[in-house]
Amino acid sequence: MSSAARWRSEAGLPPHPRVQVADEQMSADTAYRLACEGTALLWRGDFQNARQMLIAMAKRVDEKARKLQKNAAKPPVTNAKLKIKPPPSAIDAFNLHRLAQSQRARTLGMLLIPMAGDYTVLLPRAPDLQRAFIDAYGLPGKDGASGDSVVSMRELLGIVGAHEWRKKGVMVDALGEHIHPHYGVFAPVRSEYVDLVASATFPANADHKVPKTLPLAFDIGTGTGVLAAILAKRGVARVVATDMDSRAIRCATDNMRRFKLASTVQVMEANLFPEGLAPLIVCNPPWIPARPSAPIESAIYDPDSQMLRGFLAGLAAHLTPQGEGWLILSDIAEHLGLRTREELLGHINAGGLTVIERLDARPTHPRVADATDPLHAARAAEVTSLWRLKKQAVSST
């Protein structure tokens, strides 16, 4: 490998200013200390030993986090001379959790792996990962860059994991199919929001009859295309699925081809809404109003609820007279103190919309029962809802 190499970071982090060569001669304690101090470690040893080093560093990071959490959970000292601080609020717990996640990612991202211009990992016993890197980065040299590069071991393993998910797919019971997420596109691993869209009643027509099919629907922020596929399977004659992310566009297009729905579902790049009106517009925006720390987190975190507010502000202008907007949203932000129900209802009203029904579902993922999770209280209380919205009636004067 040359003395200069391209730095790769999916999160857009800058190159590390201090880099030290490391191999099996370095202890995990030393590696952990250097990483905490801001020194990156360019691995020159065996690939499999690099994986073991990352695991050892992760154990040290997590042990430190457990000690801090244990100390925070201790009862306050009852001393009249000391000011007793109240227990942390839900939003404090969330901020501390995000800070711990960020610090963990930063520390573990310090272990770097060298890679040739053709995506060959330049270490002994390294597996052939070229197909996984092509899925994530595109063909070698496609972005105009060539030559050697370095990537963190943590990101490398994420790429490998995403490649396996892409090959095997994620089973979606409501579809009866496997959805295949691409690297950088959030996988539909939680079933409750998909099931809500699969079971909600279609909007009634002008004669107040509920149709079995619809001529058109929009899926805003389609991601993998799972909700667009659900709508098409339910009999919507034409679905327009939009997204701003190029990886999501390719992913949804690929999944529609797999499901033989390419003639029914049109996947296109758009900032929220396509042109025209539709009797049904569906949107599952990010649920938590906070800043994402990596591109894939944009499916979960949305600063200042920008996508949610944009959808609600523009929905009425794209609905047919009897049309409905289906907003699929978890209330976890409310339990974390990041958004109130009054704020959400205010955004709905400001968009000229009214709520005609709310369908609720409780999550069933493992974290709901994990009492060691710092956000357990919020997760245990969480409800995911499908809000059926329509345009407010215009009063005649």
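A few comments on the model shown:
- All of (1) in contact with a Pro (Cβ under 7 Å, 6 or more places away or on another chain); (2) exposed (fewer than 14 other Cβ atoms within 10 Å of the Cβ); (3) not assigned by TED's automatic domain parsing to the domain that holds R51 hold for F202 with one exception: (2).
Conditions (1) at pLDDT 95 or above; (2) touching a Lys or Arg at 6+ places or on another chain (Cβ under 7 Å); (3) closer than 30 Å to A40 by Cβ; (4) in the same structural domain as I55 (by TED's automatic domain parsing), marked per residue:
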position	(1), (2), (3), (4)
L82	no, no, no, yes
K85	no, no, no, yes
R98	no, no, yes, yes
Q101	no, no, yes, yes
P114	yes, no, yes, yes
V121	yes, no, yes, yes
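- Qualifying residue in region 155-175 (condition: surrounded by fewer than 19 Cβ atoms within 10 Å (Cβ to Cβ), within 30 Å of A22 (Cβ to Cβ) and acidic (D, E)): yes
- Residues being surrounded by fewer than 19 Cβ atoms within 10 Å (Cβ to Cβ) and in contact (Cβ under 8 Å) with a residue 24 or more places away in the chain - total across region 290-306: 4
- Index of the failed condition, G223 passing every other in (1) closer than 24 Å to D173 by Cα; (2) in contact with a Cys (Cβ under 7 Å, 6 or more places away or on another chain): (2)
- For A162, the conditions (1) touching a strand residue (DSSP E or B) at 6+ places or on another chain (Cβ under 9 Å); (2) under 30 Å from Q52 (Cβ atoms) all hold with the exception of (1).
- Close pairs from region 144-157: first part of a helix (DSSP H, G or I), partner of a type in the set (D, E) and modelled with pLDDT under 95, Cβ under 8 Å, at least 6 apart: E155/E10
- Where G161 falls short, out of the listed (1) under 21 Å from H365 (Cα atoms); (2) in a loop (DSSP other than H, G, I, E, B); (3) among the small types (G, A, S): (2)
- The residue that is surrounded by the fewest Cβ atoms within 10 Å (Cβ to Cβ), among those in region 23-37 that are in contact (Cβ under 8 Å) with a residue 60 or more places away in the chain and not aromatic (F, W, Y), is C36.
- Candidate set from region 1-22 (those that are in a strand (DSSP E or B) and touching a helix residue (DSSP H, G or I) at 6+ places or on another chain (Cβ under 9 Å)); member that is surrounded by the most Cβ atoms within 10 Å (Cβ to Cβ): A22
- Some residue of region 246-263 being touching an Asp or Glu at 6+ places or on another chain (Cβ under 8 Å) and closer than 27 Å to Q322 by Cα: no
- For region 248-291, the set of residues classified as part of a helix (DSSP H, G or I) and touching a Ser or Thr at 6+ places or on another chain (Cβ under 7 Å) consists of A248, C251, A252, N255, listed by residue number.
- Within region 326-338, residues that are in the same structural domain as A200 (by TED's automatic domain parsing) and at positive phi reach no partner that is modelled with pLDDT of 95 or more and among the small types (G, A, S) with beta carbons closer than 6 Å at six or more positions or on different chains.
- Close contacts from region 366-386, counting a first residue that is more than 18 Å from L344 (Cα to Cα) and assigned by TED's automatic domain parsing to the domain that holds E334 and a second that is modelled with pLDDT under 90 and assigned to a loop (DSSP other than H, G, I, E, B), with Cβ to Cβ under 9 Å and a gap of 6+ residues or different chains, come to R367/D373; R367/L375; H376/D370; R379/P363; R379/H365; R379/D370; R379/D373; A380/A371.
- Residues that are surrounded by fewer than 18 Cβ atoms within 10 Å (Cβ to Cβ), assigned to a helix (DSSP H, G or I) and either touching a Ser or Thr at 6+ places or on another chain (Cβ under 8 Å) or without any contact (Cβ under 8 Å) to a residue 12 or more places away in the chain (or both), drawn from region 107-143: Q130
- Complete set of residues in region 353-380 that are assigned to a loop (DSSP other than H, G, I, E, B) and surrounded by 15 or more Cβ atoms within 10 Å (Cβ to Cβ): P363, D373, P374, L375
The values are calculated or read from the model by the stated rules, or taken from the named source; none is laboratory data. Values in this document were obtained by computation on a predicted structure and should not be read as measured data. Don't worry about glycine lacking a Cβ; one is built from the backbone with ideal geometry, like all the others, and counts go over all protein chains shown.
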